[in-house]
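Okay, structure first, notes after.
The values are calculated or read from the model by the stated rules, or taken from the named source; none is laboratory data. In this text, all values refer to a predicted model and were calculated from it rather than measured experimentally. FYI the Cβ positions are ideal-geometry reconstructions off the backbone, even for glycines, and counts take in every protein chain you see.
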Amino acid sequence: MRLRTLLLPFPLLAILATGACQHAATANASAPRVLLLGEVHDSAAGHAARAALLRKELKAGWRPAIAMEQFDTTQQPALDAAMHDCKDAGCVIARAAPAKAGWTWAYYEPVIALALQYRLPLYAANLSRDDASKVVKGGFAAALSNELIARYRLDALPAQVLAAQEEEVRDSHCGALPEALVAPMAKAQIARDVVMAETLRAHAANGVVLIAGNGHVRRDIAVPYWLHQQGLPARAVGFLEPTSDAAAFDAVERIPTTARPDPCAGFKAPSSAG
């Protein structure tokens, strides 16, 4: 949801700290692992770097499931059928991608191609836009199951997590969002993180990697936070432009700054939850 850096529609550079890079790329390939790989959505260089890192892992012998933010969980049947029938990533995208999602699908073709090449399970990980809107309007219970709310204790949401997500929402909307919408939209972001965490939890036995925006792979408030709550360690790698703060990630790959217009120029915030 972070308009400036997280949800904008990113050569492998050194991960901060040599030891962290070694662990991220060459840990025991047979051990179940949960690896979260972030992105700046409009950075072609970042997407290429991430695909290269994943390709290196697979060549070393790791065979994880791949979960993607870019597909909503409701699309899983279509994604399953496409992965069964298609021979190339373009076919999978044509058959399973949502028509109005706003993703630059060419950036994701290399990841899907790796899933096809290595016959890896590919999972839709995200809460749909419609369900996120329901959370904004009616809270977690409007879109999430009672089981999921109970498992992640969303009825006792930690104040620091909500406050940090609220700050992200304010910043991502250029400080122009009506204050009455800040908390509901922060809860929608939390709901997305929880749904992604649940997707990973359900498929972690043989290892799983998440492909998602940097905002979703932050260990302090996002998907890794909820996985740790479930006792499932996860390693978060942020793919960050030079001025972005690395503190919220286990490891970082620095990527070139992408030239883009000021996202706040002429920005108009929504006036209601709809």
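With respect to the stated conditions, Ala205 fails to be touching a Leu at 6+ places or on another chain (Cβ under 6 Å), of a type outside the set (Val, Ile, Thr) and either part of a loop (DSSP other than H, G, I, E, B) or under 25 Å from Asp245 (Cβ atoms) (or both). For segment 95-120, filtering for residues that are under 18 Å from Val208 (Cβ atoms) and surrounded by fewer than 16 Cβ atoms within 10 Å (Cβ to Cβ) leaves 3.
Output the residues belonging to segment 156-189 that are of a type in the set (Val, Ile, Thr) and touching a helix residue (DSSP H, G or I) at 6+ places or on another chain (Cβ under 6 Å). Across segment 156-189, the qualifying residues are Val169, Val182.
Residues of segment 226-249 that are out of contact with any Gly (no Cβ under 7 Å at 6 or more places or on another chain), surrounded by fewer than 22 Cβ atoms within 10 Å (Cβ to Cβ) and not β-branched (Val, Ile, Thr): His228, Gln229, Gln230, Gly231, Leu232, Pro233, Arg235, Glu241, Pro242, Ser244, Asp245, Ala247. Considering only segment 121-145, state which residues are over 15 Å from Arg192 (Cβ atoms), surrounded by fewer than 20 Cβ atoms within 10 Å (Cβ to Cβ) and aliphatic (A, V, I, L, M). If the condition is that a residue be over 15 Å from Arg192 (Cβ atoms), surrounded by fewer than 20 Cβ atoms within 10 Å (Cβ to Cβ) and aliphatic (A, V, I, L, M), then Ala141 is the only one that fits. With respect to the conditions (1) in a helix (DSSP H, G or I); (2) closer than 24 Å to Glu241 by Cα, Gly175 lacks only one, and its number is (1). Against the conditions (1) more than 19 Å from His41 (Cα to Cα); (2) modelled with pLDDT of 95 or more, Ala205 satisfies every one except (2). Only one of the numbered conditions (1) buried (at least 16 other Cβ atoms within 10 Å of the Cβ); (2) outside any loop (DSSP other than H, G, I, E, B); (3) within 18 Å of the chain's Cα centre (by Cα) is violated by Val92, and that is (3). Scanning segment 132-145 for residues that are assigned to a helix (DSSP H, G or I) and more than 24 Å from Val209 (Cα to Cα) yields a total of 9. Cβ-Cβ contacts under 7 Å between residues 6 or more apart (or on different chains), taken from a first residue in segment 89-116 that is within 16 Å of Gln76 (Cβ to Cβ) to a second residue that is part of a loop (DSSP other than H, G, I, E, B) and of a type in the set (S, T, N, Q), are absent. The residues on offer are Leu79, Leu120, Leu148, Leu114, and the sole one that is touching a Phe, Trp or Tyr at 6+ places or on another chain (Cβ under 7 Å) and either in a helix (DSSP H, G or I) or of a type in the set (A, V, I, L, M) (or both) is Leu79.
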